[in-house]
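The values are calculated or read from the model by the stated rules, or taken from the named source; none is laboratory data. Since the structure is predicted, the reported quantities are computational estimates derived from the model, not experimental observations. Virtual Cβ from ideal backbone geometry, glycine too; neighbours counted across all protein chains shown. We work out accessible area using only protein heavy atoms, side chains counted, and drop any ligands, DNA or RNA first. Shrake-Rupley method; radii C 1.70, N 1.55, O 1.52, S 1.80 Å.
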Protein chains: 2
Amino acid sequence: MEKEESSKIIRLAHGAGGVLQEELIKFITKDITLKNVNNGIGVEELDDGATIPLKDYDKEIVITADGHTVFPLFFPGGDLGKLSVCGTVNDILMMGAKPLALTSIIIIEEGFNFDTLQKIVHSLNSTATEACVAIIAGDTKVMPRGTLNEIIIATTGIGIKDKKIKIVDNGLKPGDNIIITGSIGDHGTALMANREGLNISTDLESDVSILIEIFNAIKKEIDENLIHAMKDPTRGGMAGALNDWASKSNVSIVIDEEKIPIKKQVSAICDMLGLDSFNIACEGRALMAVDSNQSEIILQKIKKTKLGRDAMIIGEVQKDNPGRVLLKTIVGGTRFIDMPLGEPIPRIC
Amino acid sequence: MEKEESSKIIRLAHGAGGVLQEELIKFITKDITLKNVNNGIGVEELDDGATIPLKDYDKEIVITADGHTVFPLFFPGGDLGKLSVCGTVNDILMMGAKPLALTSIIIIEEGFNFDTLQKIVHSLNSTATEACVAIIAGDTKVMPRGTLNEIIIATTGIGIKDKKIKIVDNGLKPGDNIIITGSIGDHGTALMANREGLNISTDLESDVSILIEIFNAIKKEIDENLIHAMKDPTRGGMAGALNDWASKSNVSIVIDEEKIPIKKQVSAICDMLGLDSFNIACEGRALMAVDSNQSEIILQKIKKTKLGRDAMIIGEVQKDNPGRVLLKTIVGGTRFIDMPLGEPIPRIC
């Protein structure tokens with residue numbers, strides 16, 4: 001009864017990348033029946049984004065969508081503009097596609113400062129140039145004072161990929177190795193530590209970055225379908241991403257705690273705040289499920305990139321316990337890692 | 001000095017589709033140099049939206065982006081969900097393209113009611129089904145109570161068109177006829193009349209609609225490039241759209257006041273509020289600049305559609321006074337119609 005009552009309004013946790021977020025997405029998409037829309041081209045549903053195969057053409061268009069409500073607008077290591085581009089470009093890359101273009105919808109509160117807008121827009125544009133994507137269309141809206149807190153950006157990314165490349169959430173195979181390209185939880189932790197009121201002093205920076213150098217380093221393996229799944233663990237963190245994979249691929253994923261790269265400051269701040277670092281958002285890391293015969297070669301290629309120096313093979317895919325994620329702890333035991341319910345930490349991305 | 005001072009913050013009029021909106025867009029896009037981004041596919045800038053030509057393929061992808069902040073969420077004739085789809089699909093159609101898909105980013109205030117969300121999402125989905133477009137990707141974010149007024153939606157539309165079709169803002173030719181597919185200003189006026197506090201009673205409804213039936217009726221003429229420009233006059237209204245064309249095509253447009261279809265209630269409410277109905281947003285009308293030899297045939301085809309019954313040829317394109325829009329008034333004089341400065345009427349779309 002209480003659950004029913006409380007589910008009648010939107011809660012912060014509905015946007016936090018966990019179980020409640022999944023519920024909200026199901027609620028919003030339950031009416032949508034892609035197959036009922038027969039518009040001659042055949043739109044296929046796939047992961048967070050989607051693909052549009054082009055008739056009589058060996059490539060398909062890849063589309064992803066993202067809302068960016070991060071606060072504060074400027075944080076150690078990044079800002080709203082940079083985050084907007086990285087989040088979207090990374091989603092395209094994680095589907096094995098080459099990012100081409102972005103649309104950017106900027107919604108601003110009346111009274112917002114032009115100088116601050118200039119900084120955000122400059123960051124957005126220069127990150128897009130770095131990622132070699134064009135901002136091809138956009139919209140701006142101004143909302144009356146008090147109806148929006150400062151500024152938010154919504155982006156849609158457009159990429160292109162060969163039809164033969166299949167990197168999907170349900171692509172994990174028993175025996176695959178799991179790679180993480182760097183330390184986990186930096187973004188969310190840096191943001192929380194910096195947030196007004198928390199008063200924590202640290203040199204920790206967000207990991208917000210474009211994953212393109214890593215993508216290019218392993219392009220051969222991507223083309224050869226040796227990468228079975230790829231995901232940037234944003235909202236919901238590593239735990240959210242792995243649980244999503246285990247559930248969609250009907251396998252278990254066993255992770256070795258000892259191998260997980262995590263910064264001391266991240267562990268310390270998460271402990272202090274009573275948060276689980278496995279659930280905290282990254283904005284410049286990739287998780288990959290890769291063919292075990294090639295995993296060491298792939299790891300070495302990633303480790304040669306600037307962003308991937310701390311990459312590690314952290315676990316493997318198994319047949320038993322389908323749908324579950326297990327952690328071999330440092331002290332020798334094994335425990336389940338559950339899909340986070342959704343940490344009620346608003347405006348983390 | 002005063003101008004300089006006041007331009008340092010964002011004003012409501014910066015989002016209102018007039019001169020100040022143009023300034024804001026220039027400010028945001030001044031850093032963007034499409035040609036510097038050489039990503040191998042060649043992204044071409046074009047109008048409100050953009051096209052991505054596909055190599056060795058006779059079609060190109062069309063992309064448009066829109067933020068929807070309309071308030072109240074439900075208004076006579078429509079709601080936020082319907083408006084979001086119509087606005088985006090119409091932008092695609094106005095470029096001569098077939099709409100394929102949408103992305104939908106929904107940003108919601110904590111505490112928002114699930115029942116209301118359900119109504120908006122249902123309207124969004126059913127309008128998309130009616131338009132035969134698939135909602136292929138999306139995102140949801142929840143913002144803390146008090147940092148966003150209820151709910152906004154950002155959409156990006158994806159369409160496809162033959163490369164040979166060229167319907168562009170700088171495509172007007174002297175001699176062309178200007179067609180409007182129905183009465184002007186219904187959407188903005190209905191919304192204002194309904195808005196809390198104004199207390200005006202009227203049966204006027206928004207014209208918010210998908211223009212697909214009209215598009216299909218004149219598809220032959222579109223394919224034959226007899227339609228030189230096409231635009232749905234949203235923010236900035238008819239005056240904004242015509243001035244934009246005149247300026248980009250370096251021609252003048254002479255409009256006959258007598259011919260402009262306008263509802264009595266719209267005239268009356270605009271007079272009462274001291275607003276110019278030529279500047280008020282439509283959400284289900286198209287302006288077209290068409291080959292004068294075919295304009296009567298095109299008009300008759302439009303008039304046979306449900307949405308286009310009141311269509312009229314309202315003016316013509318001329319060489320003199322390049323960049324200007326002129327009105328032949330009912331009383332026999334001629335006056336300029338300027339680009340609106342931007343009516344400070346927030347959240348109209």
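Given Cβ point charges of +1 (Lys, Arg) and -1 (Asp, Glu) and nothing else, what value in debye, to the nearest 20, does the dipole of chain B about its Cα centre take?
In total the dipole reaches around 460 debye.
Which entries in the list A:K264/B:K141; B:K119/B:K303; A:K55/B:K164; A:K26/B:K82 go over 26 Å, if you measure between the two C-alpha atoms of each?
On the way: A:K264/B:K141 30 Å; B:K119/B:K303 32 Å; A:K55/B:K164 18 Å; A:K26/B:K82 20 Å.
Correct reply: A:K264/B:K141; B:K119/B:K303.
At the nearest 100 Å², what buried accessible area, both sides summed, do you get for A and B when the probe is 1.4 Å?
Using a 1.4 Å probe, the pair buries roughly 7200 Å².
Per-residue Cβ counts within 10 Å, from other chains only, averaged over B:116-128: what number is that?
Values: counts 2, 5, 4, 0, 1, 6, 2, 1, 3, 6, 1, 0, 3.
That average works out to 3.
When the accessible area of chain A is computed with all protein chains present and a 1.4 Å probe, what percentage of it is carbon and sulfur?
Within chain A, the accessible surface is 49 percent carbon and sulfur.
Would you look at the GNM of chain A, springs on alpha carbons closer than 10 Å, and say which of A:P261, A:P322, A:P144 moves the most?
Comparing A:P261, A:P322, A:P144 in a Gaussian network model of chain A, the most mobile one is A:P144.
Applying the Karplus parametrisation 6.51 cos²θ - 1.76 cosθ + 1.60 with θ = phi - 60° to the phi angles of the stretch B:265-281, what ³J(HN,Hα) value in whole Hz is obtained for each residue in order, glycine and proline being reported as x?
5, 5, 4, 5, 5, 4, 4, 4, 8, x, 10, 9, 4, 5, 9, 8, 5
Keeping all protein chains in position, work out how much accessible area A:F71 exposes to a 1.4 Å probe, and write it in Å² to the nearest 10.
Per-residue accessible area (A:F71): approximately 50 Å².
What shape does the stretch B:72-227 take by its C-alpha gyration tensor, where a ≥ b ≥ c are the square roots of the eigenvalues and a/c under 1.5 counts as rounded, a/b above b/c as prolate, and the rest as oblate?
Note, shape of the stretch B:72-227 comes out oblate.
Quick check: from the Cα gyration tensor, does the protein assembly as shown come out rounded (a/c under 1.5), prolate or oblate?
Cα axes put the protein assembly as shown in the prolate bin.
Hey, if you put +1 on the Cβ of every Lys and Arg and -1 on every Asp and Glu Cβ in the stretch B:177-336, which of B:I184, B:V325, B:L211 ends up farthest toward the positive end of that dipole?
Projecting each Cα onto the dipole axis, the largest value belongs to B:V325.
So if R0 is 51 Å, what FRET efficiency would A:K319 and B:I297 give, r being the distance between their Cβ atoms, rounded to the nearest 0.05?
The pair A:K319/B:I297 has a calculated efficiency of 0.15.
Treating only the Cβ atoms of Lys and Arg (+1) and Asp and Glu (-1) as charged, compute the dipole magnitude of the stretch B:177-336 about its Cα centre; round to the nearest 20 debye.
Computed charge dipole of the stretch B:177-336: roughly 140 debye.
Just read off the accessible area of A:K55 with the full protein assembly in place, 1.4 Å probe, to the nearest 10 Å².
It works out to around 120 Å².
Mind checking which of A:I253, A:I61, A:I297 has the largest fluctuation in a GNM of chain A, springs on alpha carbons under 10 Å?
A:I297
Charges on Cβ only, +1 for Lys and Arg, -1 for Asp and Glu, centred on the Cα centroid of the protein assembly as shown; of B:I337, B:S252, A:G87, which one is farthest towards the dipole's positive end?
Going by the Cα projections, it comes out as B:S252.
Ignoring ligands, DNA and RNA, how do B:H122, A:H14 rank by accessible area with a 1.4 Å probe, largest first?
B:H122, A:H14
Using a label point 7 angstrom from Cα along Cα-to-C-beta, what distances in nm, from shortest up, separate A:N293 from the other copies?
6.6
Counting just the Cα atoms, what span does chain B cover along each of its three principal axes? Round to the nearest Å and put the largest first.
57, 56, 51
Quick one: accessible area per residue over the protein assembly as shown, 1.4 Å probe, rounded to a whole number of Å²? All intermediate terms of the calculation are to be shown ahead of the outcome.
Numbers: 26930 Å² over 698 residues.
Solvent-accessible surface per residue comes out at 39 Å².
Can you give the Rg to Rh ratio for the stretch B:234-331, taking only C-alpha atoms and Rh from Kirkwood? Could you put the intermediate results ahead of the total?
Working: Rg = 13.9 Å, Rh = 14.5 Å.
Here the Rg-to-Rh quotient is 0.96.
From largest accessible area down, sort A:K161, B:K163; use a 1.4 Å probe on the protein chains. Show your work: numbers first, answer last.
Working: A:K161 10, B:K163 65 Å².
These residues rank, largest area first, as B:K163, A:K161.
Mean separation of Cα pairs under 8 Å and 6+ residues apart, divided by the residue count of chain B: what relative contact order is that in percent?
23
Hey, which aspartates and glutamates would be in cross-link range of B:K8, C-alpha to C-alpha under 14 Å, not counting anything within fewer than 8 residues on its own chain?
A:E109, A:E110, A:D115, B:E23
How big is the convex hull of the Cα atoms of the stretch B:271-314, per residue, in Å³?
92
Using alpha carbon centroids, what distance separates the stretch B:272-349 and the stretch A:73-139, in Å?
What the calculation gives is 36 Å, centre to centre.
Once you keep just the Cα pairs under 8 angstrom separated by 6 or more residues, what percentage relative contact order results for the stretch A:215-349?
With pairs under 8 Å counted, the relative contact order is 41 percent.
Treating the beta-carbon of each Lys and Arg as +1 and of each Asp and Glu as -1, no other charges, what is the dipole magnitude of the protein assembly as shown about its Cα centre, to the nearest 20 debye?
880
Sort B:171-177, B:286-292 by packing, meaning the average of other beta carbons within 10 Å per residue, with the highest value first.
My ranking of the peptides, most packed first, is B:286-292, B:171-177.
Determine how large the accessible area of B:R145 is when every protein chain is in place; take a 1.4 Å probe and give Å² rounded to the nearest 10.
Around 150 Å² of this residue is reachable by solvent.
Can you find, among B:G146, B:I160, B:F114, the residue farthest towards the positive end of the dipole of the stretch B:34-162? Put +1 on the C-beta of Lys and Arg, -1 on that of Asp and Glu.
Farthest towards the positive pole: B:F114.
Averaged over B:104-113, how many beta carbons belonging to a partner chain fall within 10 Å of each residue's beta carbon?
On the way: counts 6, 10, 7, 8, 6, 4, 9, 4, 4, 3.
Taking all residues of B:104-113 together, the mean is 6.
In peptide B:156-163, how many Cβ atoms from other protein chains are near each Cβ within 10 Å, on average? List each step's numbers first, then the result.
Numbers: counts 14, 3, 9, 0, 7, 0, 0, 0.
Averaged over the peptide's residues, the number is 4.
So between B:K164 and B:T329, what do we pick up on full extension, going 0.36 nm a residue minus the alpha carbon distance?
55.6 nm
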